[in-house]
Amino acid sequence: MSIKRLSGAGLTTPKSNKLWDQTTFQSGMFALATVSLTSTASSIVFSSIPAGYTHLQIRVSAQETVSGGGFNNMNIYFNSDNASSNYAIHALSGDGSTAFAQATASRSTALIYNALSTNTSIFGASIIDILDYGSVVKNKTLRALAGVDFNGSGRIGLSSGLWMNSSTAISTVTLTASSFTANTSVALYGIKSA
């Protein structure tokens, strides 16, 4: 059996004579920033987000210093725009026996449902996709999957949000809660399409 090595000359529309160089073939997910809290904080901010990606993804492992041993929602807003009514949300959540749905327009932030654990030994998890964040011709949308597991009980939430600003690219993302605990970790990724 012979192995044929690909090269630029052998491709119909060669981009490079390299198979992988992260410059020519730019599709994939790229780590942009990570925040790991060493003390409590009411907000986590990613600023000066670079252009050039198709979408953004945020991965969160978070806990809130509110007592109760349950779960809470997390707020998210863009470019310091949290004093207006420029957001709308839809959400579904459930715990295996009870379902919940909500739709709200004219909000000052979007919500990520069931993202935060208020249990002192358990963290909630979220994956948030911000679609077409660099567009200057359409409103920005987000979708999120979040949940908290208490080893036999818990809750999961599906959220979508809309930032009604079609003329501005997203350069700053802010996540807020009453108080994130130490060891909350948030990572920002840029996603490039092929």
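The values are calculated or read from the model by the stated rules, or taken from the named source; none is laboratory data. Values in this document were obtained by computation on a predicted structure and should not be read as measured data. Reconstructed Cβ throughout: ideal geometry from the backbone, glycine too, with neighbour counts over all protein chains shown.
None of T34, T40 is within 15 Å of the chain's Cα centre (by Cα) and over 21 Å from T141 (Cα atoms) except T34. The condition of being out of contact with any strand residue (DSSP E or B) (no Cβ under 7 Å at 6 or more places or on another chain) and either surrounded by 14 or more Cβ atoms within 10 Å (Cβ to Cβ) or within 14 Å of I58 (Cα to Cα) (or both) holds for S171. For A144, the test of being small (G, A, S) and in contact with a Leu (Cβ under 8 Å, 6 or more places away or on another chain) is passed. State yes or no: is N82 in a strand (DSSP E or B) and either basic (K, R) or out of contact with any Asp or Glu (no Cβ under 8 Å at 6 or more places or on another chain) (or both)? Judged against the criteria, N82 is not a match. Please determine whether any residue of segment 37-46 is in a strand (DSSP E or B), in contact (Cβ under 8 Å) with a residue 40 or more places away in the chain and touching a Phe, Trp or Tyr at 6+ places or on another chain (Cβ under 6 Å). Yes, segment 37-46 contains at least one residue that is in a strand (DSSP E or B), in contact (Cβ under 8 Å) with a residue 40 or more places away in the chain and touching a Phe, Trp or Tyr at 6+ places or on another chain (Cβ under 6 Å).
One residue alone among S126, S93, S106 is in contact with a Gly (Cβ under 7 Å, 6 or more places away or on another chain), of a type in the set (S, T, Y), in a strand (DSSP E or B) and under 18 Å from G161 (Cα atoms), and that residue is S93. Annotation note: of L158, L131, L145, the sole residue that is surrounded by fewer than 21 Cβ atoms within 10 Å (Cβ to Cβ) and free of Cβ contacts under 8 Å to residues at least 40 places away in the same chain is L145.
Residue check: G152 meets all listed conditions (1) without any contact (Cβ under 8 Å) to a residue 24 or more places away in the chain; (2) in contact with a Ser or Thr (Cβ under 8 Å, 6 or more places away or on another chain) but one, namely (2).
Within segment 161-194, can you find the residues that are without any contact (Cβ under 8 Å) to a residue 40 or more places away in the chain and either under 17 Å from the mean Cα position of the chain (by Cα) or farther than 18 Å from R107 by Cα (or both)? Selection gives S167 alone. Being at pLDDT 95 or above and aliphatic (A, V, I, L, M) holds for only one residue in A110, A115, and it is A110. Report yes if S160 is outside any loop (DSSP other than H, G, I, E, B), of a type outside the set (A, V, I, L, M), within 15 Å of I76 (Cβ to Cβ) and modelled with pLDDT under 95, otherwise no. No, not satisfied.
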